[in-house]
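Working notes, beginning with the structure itself.
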Amino acid sequence: AARLLWRALADEATREDVQRLGFRAPGGTAPAAFSAANGLSPRAPKALPAPSTTEVRRTMQSWAQLSLSIRMLSIIDVSGSMDEQVAPGVTRLQSTVRTAQDGLSLLPDDTELGQWVFSTGLSGDRDWRELVSVGPLGQRLGSATRRQRMLSAFAQIRVKEHGDTGLYDTVMAAFDYMKRTYKPEYVNSILLWTDGRNEDPGGPTLAETLDHIRREYDPERPVLINMFGNGDDVDVNELRQIARLTRGDAYVAETPGQVQALFLKALSQRVSP
């Protein structure tokens, strides 16, 4: 079919028809009306060199990444400091939950999403608790869809009074879970919201957390970590050290509006090949 099309375009009569309609002929010859006076150069445009095999492969990998759906584990900090007000009558936790609710409305039913919360000692010795398992938003879980379960979970999230911030062990547990359940047809990611630095006596250190992520990260099965800090106690340098090991990033928001804008940015992020 391509050869037949080429023969047709190479025909003299076809070339004349093409040029009469204002297009260049296959060889680059311009129509007679093309002139510098009317802003149309009759000279054939410069042809770019053919891309290398590596460039073609990278382009195809990038295109494939852009076509992937989202598979994400959202994790919200419910430590005691999340009860602080960030606007009249609005706590930091309420602002975070509203942003997550708004983001949920933007995601199609084939998006895979799950929800955890974390502080310290939420489930026995464990600092995190699963509210909704990761899976398609449109999937039915009993009498409701996962999307409806997510909305119900958001409405019931509460601060743990006097709870501290078990950040590092939560990040490691979430990373291990998403790696273990990795799906290649999705962008697999973690989105963690926190208002402070790690406060978990007896828990892992930053160095131990970085060593774990560095050791377990697999570029062939990437799990992206994005982290949001919201508050004066956030150490963005620590968050970035963790996130950037996975080609993710950490962001600090000072207002509810910034939280929403950064959340949308994170949703659109893809893993670079």
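A short reminder: the numbers here are calculations on the coordinates, not readings from a lab. Since the model is a prediction, treat every value here as computed from it, not as a measurement. With ideal geometry, Cβ positions are generated from the backbone for all residues, glycine too; neighbour counts draw on all protein chains shown.
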**Report entry** Under the Karplus curve 6.51 cos²θ - 1.76 cosθ + 1.60, θ = phi - 60°, whole-Hz ³J(HN,Hα) for segment 17-23, x wherever Gly or Pro sits
**Finding:** 5, 4, 5, 5, 7, x, 10
Report summary line: Computed over the chain: longest principal axis from alpha-carbon atoms vs helix 167-180 long axis, angle to nearest 10 degrees, is 50
Query raised in the report: Taking only Cα atoms, what is the 0 to 90° angle, nearest 10, from helix 146-156's long axis to the longest principal axis of the chain?
Result: 40
Report task. Mind listing the long-range amide H neighbours of V223? Cut-off is under 5 Å, sequence gap 5 or more, other chains count too, H placed in the peptide plane at 1.01 Å from N. Result -> D218
Query raised in the report: Farthest toward the dipole's positive end in segment 69-269, which of T209, V117, L151, given Cβ charges of +1 (Lys, Arg) and -1 (Asp, Glu) about the Cα centre?
Result: L151
Query raised in the report: Can you list the lysines whose alpha carbon sits under 19 Å from that of K160, skipping same-chain ones fewer than 8 residues off?
Result: none
Query raised in the report: With labels modelled as points extended 7 Å from the Cα through the Cβ direction, what inter-label distance (nm, one decimal) is found for S123 paired with T205?
Result: 2.8
Query raised in the report: In the set (i) 19.1, 61; (ii) 26.1, 84; (iii) 20.0, 66, which value of Rg and Dmax of the Cα atoms in Å was calculated from the structure you see?
Result: (ii)
**Report entry** lysines whose Cα lies under 23 Å from that of K179, excluding same-chain neighbours fewer than 8 positions away
**Finding:** K265
Query - Simple spin-label estimate for R98 and E185 in nanometres, 7 Å along Cα-Cβ - result: 3.8
Query - For the chain, calculated [θ]222 nm from helices alone, where every DSSP H run of n ≥ 4 adds -39500 (n - 2.57) - result: -11500 deg cm²/dmol
Requested in this report: Evaluate the distance, in nm, between pseudo-label points positioned 7 Å from the Cα of S52 and of A13 along their respective Cα→Cβ axes.
Outcome: 4.7
